[in-house]
Amino acid sequence: MKNASVQGKRRLFLLKIDLPALLAVILFAGMIFLYLIPGFEKVMMDRKRNLIHEMTASAYSPLEHY
């Protein structure tokens, strides 16, 4: 009988404490992979495009002069 009581308390602990914590971690990880990483990637690619454009313009400028 005592073993069943301990088992019930353990199950209750898992449902009330561990499950919400696990769901919060899963949602946080999902947000990072589905929202933040693609946003950072887009910003980085835009900066690279801008850098390449500026480098091309600065290399083309002396050629245009001569």
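Restricting attention to helices (runs of 4 or more DSSP H) lying wholly within the chain, give those where 2 or more residues are of a type in the set (S, T, Y).
The qualifying helices (runs of 4 or more DSSP H) are 37-65.
Answer yes if at least one residue in region 18-27 is open to solvent by less than 100 Å² (accessible area, probe 1.4 Å), of a type in the set (D, E, K, R) and at pLDDT below 85, and no otherwise.
Checked against the condition, which is being open to solvent by less than 100 Å² (accessible area, probe 1.4 Å), of a type in the set (D, E, K, R) and at pLDDT below 85, region 18-27 yields at least one hit.
May I ask you to say which residue of E54, E41 is within 14 Å of the chain's Cα centre (by Cα) and open to solvent by 80 Å² or more (accessible area, probe 1.4 Å)?
Criteria check complete, one pass: E41.
The values are calculated or read from the model by the stated rules, or taken from the named source; none is laboratory data. What you are looking at is a predicted structure, and each value in this text was computed from that prediction instead of being measured. These area figures cover heavy atoms from the full protein model, side chains too; ligands, DNA and RNA do not enter into them. Shrake-Rupley method; radii C 1.70, N 1.55, O 1.52, S 1.80 Å.
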